[in-house]
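First comes the structure, then the notes that go with it.
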Amino acid sequence: MYAATVPARTFALRSPAPRSYARPSVRAMAAASEPTINFDRVSDSIVVGSCLRNAADAQKAKEAGVAVVFSLQDATDLSAQGIDADAVAAACEAAGVKHVRCPTGDADEVEFRSKLPGAVAAFASAIAAAGAAGGTAYAHCNGGRGRAPTISTAYLFWLGGMSLADAAATMTAGRKSQPKMGVISGATADLLGLDGEASELSGEQRAGVEVKLKAMILAGGRRGAAARRPAVCSAAPAAGTDFEALQTHSVYSAATGEKVQLSSLWPQGSRCVVACLTHFADLSSIELAQKLLPALSQLQAAGVGFVAVGLGEPEKARRFSELLGFPLDCLYADPTGELYTALGFSPGFLPEANVSAYAKLLPMLAGIGSPGTLQEVLRGYFGDRNSKPVFSGASNLFDVLGSGYQRPFELATLRLFNMQLVLTHWKELAPVDERLLTQQGGVLVFEGSTTMYKHSDAGILRIADVEEVLAAALPAGAATEALPAQVQRGLMG
């Protein structure tokens, strides 16, 4: 057993923010909490109660069948309650109970709303761990009447298949409490990329929310790309038009040069990820391939197929495979781009203009006809505390700037290495048809002939979030693990 702290992550608000309230006084906060532990079972997997203070409380939780304690108390709470979090964690460990902290305040409802999705994702991981240990997850704040009920209600709504009204009724029937419904409906709208609040979910919307939360779970509670790109990804069952495009357009195997239809590469009814890279000399293709490589073992273990296709000729695909260490047997080439057009991927800036594609690339790199590219470039320089580190290892110089997040200049450095690779091998990688230089790609997840997930690149470097792809592709109950920091292969030597 062990203790863990999940860093608080924020979610970008899409709508006018709710009111912000002043932090209550320390005395008021202390008075709000119960002097001894008390709790109630809300569902088969969730217990909600007051904060643990000592070894006796930890033992009482253990005797009630609790396997994981999930604490929302932040530093102000702990100070107000006079609680030593390390001592409580040690007491839980001694009792055979895992202790997880996810510091999340609620005095400021703007902040609480922004942190709610990440907190629910962390709580979902705690519930899964508790279930695997044959017990329940115990959520608490101070008195177990506000924050913990809100997190639990949101979990039941977003991941428990309930309506918001039924989730709230389940929560309040199990424990006298006041879940913050406005915070939940506001955070729901944020997840969906909508303005205002959302208190109901259609089947399509629920699938989208579940994919985003599963991606956060895979990211270890980080907000990641979902906060940066809420409008780019769709994640819901769709008509079979994408599959028909794969059936009616041929590509070429990088391994053999043979002409094939991608739709023939996985059995009917099974799942498959189809990654449509841009051309093989493009920074977007290289970066996406680097991010996909660590995920392939999870897909294989879960019985999910994987194929990747890029723009250009089979010999260009083979060289791409050699330079990146990308598996040749699942790589294909589209020398015409007709498949990408059929799938509805963006053709880039001024596709019909009779000018060189090289001339079109310059404004696209500045974000013209390539939405979000400039912001993505800047993110590489300024860093991103909601994303994983790019480089890892004992000799990593970026560790002087901290650890556990994408440090300033870290992603920009990777892209510099990638650019060096591109410039060195341009003729070996670039497509013969220069019109393909501006064509964008995307990623799809199929179950049989049904599109379960589709991401279309809005522009250069606006590639799919691989953790969202995994969340959509892995079947329920499949073993998952957080992806490691990016591994650079073939870039330095």
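The values are calculated or read from the model by the stated rules, or taken from the named source; none is laboratory data. Since the model is a prediction, treat every value here as computed from it, not as a measurement. Because the Cβ atoms are built from the backbone with ideal geometry, glycine has one as well, and the counts that use them run over all protein chains shown.
Summary table
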item	result
Subset of segment 268-281 [modelled with pLDDT of 95 or more and over 17 Å from residue 251 (Cβ atoms)]	281
Residues that are surrounded by fewer than 23 Cβ atoms within 10 Å (Cβ to Cβ), within 16 Å of residue 144 (Cα to Cα) and touching a residue at least 12 places away in the same chain (Cβ under 8 Å), drawn from segment 77-99	80, 81, 83
Some residue of segment 454-467 being in the same structural domain as residue 305 (by TED's automatic domain parsing) and either in a helix (DSSP H, G or I) or modelled with pLDDT under 90 (or both)	yes
Among the candidates 267, 347, 363, residue that is part of a loop (DSSP other than H, G, I, E, B), assigned by TED's automatic domain parsing to the domain that holds residue 449, out of contact with any helix residue (DSSP H, G or I) (no Cβ under 9 Å at 6 or more places or on another chain) and surrounded by fewer than 20 Cβ atoms within 10 Å (Cβ to Cβ)	267
Members of segment 383-401 found to be surrounded by 13 or more Cβ atoms within 10 Å (Cβ to Cβ) and of a type outside the set (S, T, N, Q), listed by number	383, 384, 385, 388, 389, 390, 391, 398, 399, 401
Residue list for segment 385-418, filter: free of Cβ contacts under 8 Å to residues at least 60 places away in the same chain and among the charged types (D, E, K, R)	385, 399, 407, 410
Residue list for segment 137-156, filter: surrounded by fewer than 23 Cβ atoms within 10 Å (Cβ to Cβ) and among the hydroxyl-bearing types (Ser, Thr, Tyr)	none
Criterion: farther than 25 Å from residue 267 by Cα and either modelled with pLDDT under 90 or assigned to a helix (DSSP H, G or I) (or both) - qualifying residue of 370, 392	392
Candidate set from segment 166-205 (those that are without any contact (Cβ under 8 Å) to a residue 12 or more places away in the chain and part of a helix (DSSP H, G or I)); member that is nearest to the chain's Cα centre (by Cα)	166
Test for residue 94: is it more than 18 Å from residue 53 (Cβ to Cβ) and in the same structural domain as residue 167 (by TED's automatic domain parsing)	no
Given (1) modelled with pLDDT under 90; (2) hydroxyl-bearing (Ser, Thr, Tyr); (3) under 13 Å from residue 142 (Cβ atoms), number of the condition residue 79 does not satisfy	(1)
Qualifying residue in segment 327-336 (condition: surrounded by fewer than 20 Cβ atoms within 10 Å (Cβ to Cβ), in the same structural domain as residue 451 (by TED's automatic domain parsing), under 17 Å from residue 254 (Cβ atoms) and of a type in the set (S, T, N, Q))	yes
Elements of type strands (runs of 3 or more DSSP E) contained in segment 35-74, each with 3 or more residues being under 22 Å from residue 155 (Cα atoms) and either in contact with a Phe, Trp or Tyr (Cβ under 7 Å, 6 or more places away or on another chain) or not assigned by TED's automatic domain parsing to the domain that holds residue 139 (or both)	46-49, 66-71
